[in-house]
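Peer 1: Once you've had a glance at the structure underneath, I'll fire off some questions.
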Amino acid sequence: MLEKFTHLDNGSIESTESFFSNRFLKARIESGHPSNEGLDLLFEENRNSQWREKNWKKAKDNQLKYDEDVNQYITLMLSDLVKGRSQTLVNKYIVSMDADVGQTVMETNERSRKFIAYRINADYFLLNLGLLRSDTNILGDTYVDKGEFYYSSAASSLKEVLGGRSTLSDTMEKLSHQFVKYVKILRHMKNSDSNFLSFNFKFSKLEIKKLEKTITRELAFKKKSR
């Protein structure tokens, strides 16, 4: 179900997905990391199987520059911060940033659980290093290698589960290879927009009064319509 909210300043209705997508894409452009930078759409056109086999690394490097799936993945991740639907699962597998999720996955032989554990902690590192921690601007590249490793391990675990590549495993690989870039985009998003997570910010007195009037008006309308 699509979650929607109303902007108190102008009354417009927007979904959480569009809210975060617009801000993330804006931060990409402003930080100098536009989507699909360096991607050659014609790279594999008219290429036979022999050429692809011989130049597989070039083809893969080109495919890793395609960002639309990552944009969608991060948008949904940010949106879930508001919905909190996966919080129970997250709490089950999350470890502290100084701990090693590898110790957790060693306790299970189920490859699907290994994927979940690595993915959840990789997402946790990306959000914390880029957006949520108060000290993100002074952390620099601290913990970056861990985030890269967790996404890489998530991709490998998923490929083992499915018996080969998938759209999601490719997305995990892109996040691993370009982890620093996405951390920088999220940091720019945080620094350039004080309202990036307005759902968690305190209302001003004027906004509270406006909200109270809106609620009072809506309640009165509902009573009349009964």
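The values are calculated or read from the model by the stated rules, or taken from the named source; none is laboratory data. The model shown is predicted, which means the values in this text are computed figures rather than measured ones. When we count neighbours, we look across all protein chains shown, and the Cβ atoms used for this are built from the backbone with ideal geometry, even at glycine.
Peer 1: What residue, among those in region 78-93 that are of a type outside the set (S, T, N, Q) and touching a helix residue (DSSP H, G or I) at 6+ places or on another chain (Cβ under 6 Å), is surrounded by the most Cβ atoms within 10 Å (Cβ to Cβ)? Full working, then the answer.
Peer 2: Taking region 78-93 and keeping what is of a type outside the set (S, T, N, Q), we get 78, 80-85, 89-90, 92-93.
If we keep only those that are touching a helix residue (DSSP H, G or I) at 6+ places or on another chain (Cβ under 6 Å) too, we end up with 78, 82, 90, 93.
Working: LEU78: 22, VAL82: 17, VAL90: 15, TYR93: 17.
Per the stated criteria, the residue is LEU78.
Peer 1: Under the condition of being touching an Asp or Glu at 6+ places or on another chain (Cβ under 7 Å) and of a type outside the set (Ser, Thr, Tyr), which residue from region 13-42 is nearest to ASN62 (Cα to Cα)?
Peer 2: Restricting attention to region 13-42, the residues satisfying the condition of being touching an Asp or Glu at 6+ places or on another chain (Cβ under 7 Å) are 15-16, 23, 35-36.
Those still in the list that are of a type outside the set (Ser, Thr, Tyr) too: 23, 36.
Values: ARG23: 26, ASN36: 10 Å.
This residue is ASN36.
Peer 1: Next question. Return the only residue of ARG28, ARG113 being more than 19 Å from the chain's Cα centre (by Cα) and at negative phi.
Peer 2: Residue meeting the stated conditions: ARG113.
Peer 1: Restricting to region 189-209, name every residue that is part of a helix (DSSP H, G or I), at pLDDT below 70 and surrounded by 10 or more Cβ atoms within 10 Å (Cβ to Cβ).
Peer 2: Once the filter is applied, which keeps residues that are part of a helix (DSSP H, G or I), at pLDDT below 70 and surrounded by 10 or more Cβ atoms within 10 Å (Cβ to Cβ), region 189-209 yields SER198, PHE199, GLU207, ILE208.
Peer 1: Being in a helix (DSSP H, G or I), in contact (Cβ under 8 Å) with a residue 60 or more places away in the chain and of a type in the set (Lys, Arg), is that true of even one residue in region 58-67?
Peer 2: no
Peer 1: Return the residues of region 106-121 that are aliphatic (A, V, I, L, M) and under 21 Å from ASP170 (Cα atoms); say none if nothing qualifies.
Peer 2: ILE116, ALA117, ILE120
Peer 1: OK, next. Name the helices (runs of 4 or more DSSP H) wholly inside region 88-188 in which the number of residues that are within 18 Å of PHE24 (Cα to Cα) and touching a Lys or Arg at 6+ places or on another chain (Cβ under 7 Å) is 3 or more.
Peer 2: Numbers: elements: 101-105, 111-127, 136-139, 144-162, 167-177.
Ranges flagged: none.
Peer 1: Could you please give the count of residues in region 11-48 that are surrounded by 11 or more Cβ atoms within 10 Å (Cβ to Cβ) and not in a loop (DSSP other than H, G, I, E, B)?
Peer 2: 17
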